[in-house]
Structure formats: structure tokens, C-alpha cells
Amino acid sequence: MSVADRLKDLGISLPEPAKAVANYVPFVQSGNLLHISGQLSNDASGGVKGTVGADVSPERAQEAARMCGVNLLAQMSAALDGDLERVVRVVKLGGFVQAAGDFEAIPAVINGCSDLMVEVFGDKGRHARSAVGFIACRWDLPSRLMPSSRCGEPDPSGSCGRFGHRSVGLGGLRRPVRRPLCQL
């Protein structure tokens, strides 16, 4: 099943990716790794705000982490010219949760995003992860996530399965350059 079909089955429509709000870019591709800037628990209705263990329940915080995941999928899609099939592997998620001092179930909150990555990408969505709790977050948002993914394109010959990309600047345009990710 394709990523687009999985998203449709999950009832997920990707939002417009968030624009940078400071001196950074929404994503950077280096070799075959795609690094996405932190994604927040925002949506068209305003998202989820507050502190887990104080005014946000663990279940609602997990929904917020899933919302972050939808936003990171939107950024990944933008970075990969709308082709999420190019994701070869979600490598790592770094999850940050605004939590009350006595709240310890930080990893369970970030499962909201981790579970989504597996639902969308299957085994390619299984990843390494960090889950960190902190006291205060700008905009009073309960979670934010920062992923890294390996990306490529299907190999038409089927010999290696995927090709990596690196971006080459040509007059301000980004052009993919194909190179194999594996050798047999």
C-alpha cells in the first residue's frame, strides 16, 4: 500500500507546511538524510496548548504529538516535492514535552508521533528516539518533534531498491543527484 493510500485510510490530509519564524529553514537535505526543523502541535483550530500533567491530560498530549507528526509529514512532503514514497527510513525522532515537574510518562506522549510514523510508513517508520520533558515551551505548546529521515527514489531496475539524493544548488534551484545507497 502506498503512503498516500495509508494517509487516506487514516483520514489524514496534510496541512500547508509551517514557514520558518526565525533565522532557520524548515528542512535541510544533506546527502540522503533529510533533517526537519522542530514541528509543533498546531493545526487549523489552534492546536493543543498547555502543560502535560497540569492542564493537559496524557491522552490529549499524545494527540498533540500525533499532530506534530502530521505537521512533520507535511514538511517532509514539501522537502521531497510531494513524494513521500522517497522516504526510505525514518531514522530518529527527538521529542520534547512541556510537562509538570512530577509528570514522568514522557515516552508515552511521544508514542503519538512514533505510532503515526509506523502507521504511515510501515516498518520504514520504525526509528530511534529521544523523549525529553521540560518545564516551559514558547507558545505554551505541550510537545514538539524533530525528525531525521533517509530518503531516495525507487530504483527502476530493482537492483538496489532505493537511490539517495543530495541537493545541488543551481542558480538557487535544488536539483536531486542520484547515487546508490547500497552496494552488492
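The values are calculated or read from the model by the stated rules, or taken from the named source; none is laboratory data. Quick caveat: nothing in here was measured; it's all calculated off a predicted structure. With ideal geometry, Cβ positions are generated from the backbone for all residues, glycine too; neighbour counts draw on all protein chains shown. Ligands, DNA and RNA are excluded from the accessible area calculation, which covers all protein heavy atoms including side chains. Shrake-Rupley method; radii C 1.70, N 1.55, O 1.52, S 1.80 Å.
Structure values in brief
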item	result
Cα-based reach from Lys19 at 20 Å (exclusive), listing lysines while leaving out same-chain residues under 8 positions away	Lys49
Long-range HN-HN contacts of Arg89 with modeled amide H, under 5 Å	Arg150
Angstrom value of the Kirkwood radius, inverse mean 1/r, which spans all Cα pairs in segment 61-106	12.5 Å
Order of exposure, largest accessible area first, which applies to Val132, Val97 with probe 1.4 Å	Val132, Val97
5 angstrom amide H check on Gly133, placed H, neighbours 5+ away	Val97
Amide H contacts of Ala54 (H built 1.01 Å from N, under 5 Å, at least 5 apart or other chain)	Ala100
Rule-of-thumb Rg ratio for segment 1-138 [Cα; 2.2 N^0.38 Å; N residues]	1.03
Shape parameters for segment 1-55, alpha-carbon atoms, Rg then Dmax in Å	15.1, 42
Table column - 3J(HN,Hα) (Hz), segment 56-68, Karplus curve with 6.51, -1.76, 1.60, x for Gly and Pro	10, 6, x, 5, 5, 5, 5, 4, 5, 5, 5, 4, 4
Per-residue ³J(HN,Hα) for segment 33-39, Karplus 6.51 cos²θ - 1.76 cosθ + 1.60, θ = phi - 60°, Hz, x for Gly and Pro	9, 10, 9, 9, 5, x, 10
In Hz, Karplus ³J(HN,Hα) per residue of segment 102-118 (6.51, -1.76, 1.60; θ = phi - 60°; x = Gly, Pro)	9, 7, 10, 8, 4, x, 5, 5, 5, 4, x, 7, 4, 4, 4, 4, 6
Radius of gyration, Dmax [segment 31-109; alpha carbons; angstrom]	14.2, 43
Per DSSP, loop trypsin sites (Lys or Arg not before Pro) in segment 1-71 with at most 15 further Cβ within 10 Å	Lys19
Hits among lysines - C-alpha to C-alpha of Lys124 under 23 Å, sequence gap 8 or more where chains match	Lys8, Lys92
